[in-house]
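In what follows, a structure is listed as structure tokens, so that the remarks can point back to it.
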Protein chains: 2
Amino acid sequence: MRYLWLGAGGLSLKRARDAPQGGESEVLVRVRLAGICGTDLELVKGYYGFRGVPGHEFVGEILECRQDPDRVGQRVVGEINLGCGECEACRKGLKTHCPQRDVLGITRDGAFSNYLGLPAENLIPVPHEMSDRRAVFCEPVAAALHILDDVKIDQASRVVLIGAGRLGQLIAQVLHLTGCSLSVVARHSSQVELLASQGIRVGDEDEAGAFDVVVDATGHPSGLELACRLVRPRGTIVVKSTFHGPAEVNLSQLVVDEIRIVGSRCGSMRHAILVLEGSRIDTESLVDSVFPLEQGIEAFQRASQPGVFKVLLDCRI
Amino acid sequence: MRYLWLGAGGLSLKRARDAPQGGESEVLVRVRLAGICGTDLELVKGYYGFRGVPGHEFVGEILECRQDPDRVGQRVVGEINLGCGECEACRKGLKTHCPQRDVLGITRDGAFSNYLGLPAENLIPVPHEMSDRRAVFCEPVAAALHILDDVKIDQASRVVLIGAGRLGQLIAQVLHLTGCSLSVVARHSSQVELLASQGIRVGDEDEAGAFDVVVDATGHPSGLELACRLVRPRGTIVVKSTFHGPAEVNLSQLVVDEIRIVGSRCGSMRHAILVLEGSRIDTESLVDSVFPLEQGIEAFQRASQPGVFKVLLDCRI
């Protein structure tokens, strides 16, 4: 088997003679396609100090499932958080916030490999009609949809999105579906063109204090600074960026203008599948390239170029 | 007439020969008692660059009211925000967020004077039974109550308050009334003793990630840092501090733990009067001292001492 390994010296391609086996409680999955996201690039820079196999956006097929042999051959995507099942968060159904949680490709070996293991309950069947190239977007689409779980956005809302990279593009599409008045602050011409082709407005960086909701998907501290400038009094800033290090907030403005800042992370994969079964979210335009796992290092180099959207890894080859 | 004047050289006591007159649209109020709060101390340090008469917590009596002469002699407290009445915020009843607003004692001449002027609609009658010493607490009690407008807190909530100064003590009492499980992080022995006498628990600075709601009333950037440590995943931090300068936020924790940060400022004076008509909020224990306006400079010195609660100015003398 082959896999990408993040060690003290950075990312490298490794080979092992034997394929792994499914455990008592885990299901063995052959990975078909996996996606490289901003968090993977941050992991390689040292974010979280993770050592292991990265990768948490994937579609695969079940190879071995002791609890339910009927599932063998099933095409699946995966919920990436594994909770302890015992704590208060897990009992409330919030395993994404279990203090003991394991997270695929972030705290435990992930999807940039021929094989991965996950508990059966984390593996969600993919409809037959949905291609691998579409199903591999379930995880980031879930993250984009999750914004709507925590913030009310409707046709009356004036919304600005800062950052139109790989996650930002999906967020833009999800926000656009709500019917809100949306504009996007984008940096690269590839981002602007794709948004324009979907009828999404670009601009409005100068309308200070005008927006009910500002979504920061820049991955930079400067995103929060701009968000604070664009949000209206009593408005909401949603932070979707993950990056290493602190950011400065003007607390006095936060209090005087009674602004709300909301952190937002993983969403429901089942919800994402439902939305992706429809045709309203365009994923195909986001696929920049597909590299075989064997060329994983080159794939990471490509993914780290400015303005590049989704780089996929074909993990069967 | 006498008043405290904040100029380039700091705070000074001034005298003028004539009393002011009420304008066409404003009512002339003789100030009886006024309170010094943390914002006043920050103003004197240069926060907002205000030059004029500070003071926004007061109780007074109407001297002259052209629109409604029947109100002459009425004892009143005042809503401190004056909106333009035309903009979107004002039309929504949010004059506290009018971009053109004037704020008593913060952007326009305030209460540390024998006289002040406010529009009739900003002046709210004080019930006969309520003493001046109690009515003067309406503004900070409104600010404390306003937390409950924006964050759901009930008997099921685990809440910690950081900071137990003059505003913090009122917030502690308001939170205690909700029946929530409350503890307070307090620094000075006077603060701890007063809380203990009201049956409010002090401590819990070490219970990281344990609280549904954390209220920061410290007035220091370190308050937000501790708040981030104490809040649970998907919990809420309410920032009640106003101070000059930026604070650092760990954006990665904000996103991963999906924390919500809410800025909170002024509340409803009418609501505060209703609550102060009851006996559940103890204001008398918070009165440190009453200085005549003539000794306003000494009053400010007293108010800036650590562990000192409310210093009042008797503005009639």
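The values are calculated or read from the model by the stated rules, or taken from the named source; none is laboratory data. Fair warning: this is a prediction, and the values are worked out from it, not measured in the lab. Cβ placement follows ideal geometry from the backbone for every residue including glycine, while neighbour counts extend to all protein chains displayed. Surface areas here come from the heavy atoms of the whole protein model, side chains and all, with no ligands, DNA or RNA. Shrake-Rupley method; radii C 1.70, N 1.55, O 1.52, S 1.80 Å.
Summed over the residues of the stretch B:1-110 and divided among them, the accessible surface reaches 47 Å² per residue at a probe radius of 1.4 Å. Largest first, the three principal axis extents of the alpha carbons in the stretch A:201-284 are 45, 29, 20 Å in whole numbers.
Taking 7 Å steps out from each Cα toward its Cβ at B:SER25 and A:ARG71 produces label points 6.9 nm apart. Along the axis of the charge dipole computed for chain B (Cβ charges of +1 for Lys and Arg, -1 for Asp and Glu, origin at the Cα centre), the listed residues B:VAL256, B:VAL77, B:ALA210 are led at the positive end by B:VAL77. Site pair A:THR178 and A:GLU248 shows an inter-label distance of 3.0 nm when each label is modelled 7 Å from Cα along Cα→Cβ.
How many angstrom separate the Cα center of the stretch A:189-235 from the Cα center of the stretch B:49-64? The stretch A:189-235 and the stretch B:49-64 have Cα centres separated by 40 Å.
Label points for A:ALA120 are taken 7 Å from Cα along Cα→Cβ. From this copy to the others they lie 7.6 nm apart, shortest first. Label 7 Å along Cα→Cβ of A:ALA208; the stretch B:55-85 residues with amide nitrogen under 20 Å? Backbone N within reach: B:84.
With the whole protein complex present, B:CYS37 retains an accessible surface near 10 Å², based on a 1.4 Å probe. Volume per residue of the convex hull around the Cα atoms, evaluated for the stretch B:21-70, comes out as 92 Å³.
With the other protein chains left in place, how much accessible area per residue, in square angstrom, belongs to the stretch A:206-317 at a 1.4 angstrom probe? Let's see the in-between values first.
Working: 4290 Å² over 112 residues.
I get 38 Å² per residue for this part.
What residue among A:VAL31, A:VAL290, A:VAL151 has the largest mean-square fluctuation in a Gaussian network model of chain A, using Cα springs under 10 Å? Maximum fluctuation in the GNM of chain A, among the listed residues, is at A:VAL151.
Its Kirkwood hydrodynamic radius, worked out from the mean inverse distance over all distinct Cα pairs, puts the stretch A:1-129 at 15.2 Å. Relative to the compact-globule estimate of 2.2 N^0.38 Å, the Cα radius of gyration of chain B comes out at 1.00. Kirkwood hydrodynamic radius computed over the protein assembly as shown comes to 27.1 Å, based on all pairs of distinct alpha carbons. A Cβ-based charge dipole, computed about the Cα centre of chain B with Lys and Arg at +1 and Asp and Glu at -1, lands at about 360 debye. Starting from the label point of B:ALA208 at 7 Å along Cα→Cβ, the same points in the other copies fall at 3.9 nm, in ascending order.
Interface size between chain B and chain A, please: total buried accessible area, 1.4 Å probe, rounded to the nearest 100 Å². Buried area between the two chains comes out at roughly 3300 Å².
Gap in Å between the Cα centre of the stretch B:155-183 and the Cα centre of the stretch A:72-105? If you average the Cα positions of each part, the centres end up 34 Å apart.
When a/c reaches 1.5 or more, the comparison of a/b and b/c decides; with that in mind, is the stretch B:242-317 rounded, prolate or oblate per its Cα gyration tensor?
Details: a/c = 2.98, a/b = 1.65, b/c = 1.80.
Cα axes put the stretch B:242-317 in the oblate bin.
Measuring nothing but protein heavy atoms, the accessible surface of the stretch A:104-239 at 1.4 Å probe radius is 49 percent carbon and sulfur. Estimated translational diffusion coefficient (Stokes-Einstein, Kirkwood radius over Cα pairs, 4 °C, 1.567 mPa s) of the stretch A:34-193: 74 µm² per second.
If you place +1 on the Cβ of every Lys and Arg and -1 on the Cβ of every Asp and Glu, how big does the dipole about the Cα centre of the stretch A:171-317 come out, in debye to the nearest 20?
Details: 13 positive and 18 negative charges, 78 e Å.
Using only the charged Cβ atoms, the result is roughly 380 debye.
The lysines whose alpha-carbon is closer than 26 Å to the alpha-carbon of A:LYS95, local same-chain residues fewer than 8 away aside, are A:LYS152, A:LYS240, B:LYS152. Here the dipole of the stretch A:46-147 is about 240 debye; that uses its Cα centre as origin and unit charges on the Cβ of Lys and Arg (positive) and Asp and Glu (negative).
With each label modelled as a point 7 angstrom along the Cα→C-beta vector, the A:ARG91-A:MET1 pair spans 3.6 nm. Distances between placed amide hydrogens fall under 5 Å for B:ARG187 paired with B:ALA164, all partners being 5 or more residues away or on another chain.
Sorted from shortest to longest, the distances between the B:HIS220 label points of this copy and the other copies are 3.4 nm, with each point 7 Å from Cα along the line through the beta carbon.
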